[in-house]
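Notes follow once the structure below has been shown.
Values in this text are rule-based calculations from the coordinates and carry no lab data. Bear in mind the structure is a predicted one, so any value in this text is a computation, not a measurement. For neighbour counting, all protein chains shown are included, and Cβ atoms are generated from backbone atoms with ideal geometry for every residue, glycine included.
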Amino acid sequence: MNWCCKNCGEQIFQQMVEGDIVGKMVKIVKKKPDLSVREKILVLINTWQAALGGIEGKFPQYYAAYNELKSAGVEFPPREENTVPLFTPPPTHPLSHLTFPYEDEVDVRDLETDASGLSHTAVAFIRES
């Protein structure tokens, strides 16, 4: 689920709201305090509500779930300071400024391969590509 949230954008958050996934996660936390996934659920809810802007964000349902659990006396695990953000910010430097340490030392002849074992069809396909 965490992978989907990091890689699928807002659609996954909307789907989870529509399917009441977060509400079901809150019920699990409330009913099963000894469950091994409880802490992971708490971390996810806390991460999501913060990343989505809390009560003022586009999906306040995540903050509502967080707040409901906090009001019920649930203690959330502390957030680690060095964690990767849920939404990775866009690059701040254009890629055109990157240099590669060995780019001047590459000899194109070293990159050529022996095609003698390929069929005529394979060679034609490669040339057309």
Q. Relative to the present Cα-Cα distance, how much length would full extension add between ALA72 and ASP34 at 0.36 nm per residue of separation?
A. 12.1 nm
(Q) Once you order the gyration tensor axes a ≥ b ≥ c over the Cα atoms, which shape class does region 2-43 get: rounded for a/c under 1.5, otherwise prolate or oblate by comparing a/b with b/c? (A) oblate
Q | Under 15 Å, Cβ to Cβ, from VAL26 - net charge with Lys/Arg +1 and Asp/Glu -1 | A | +4
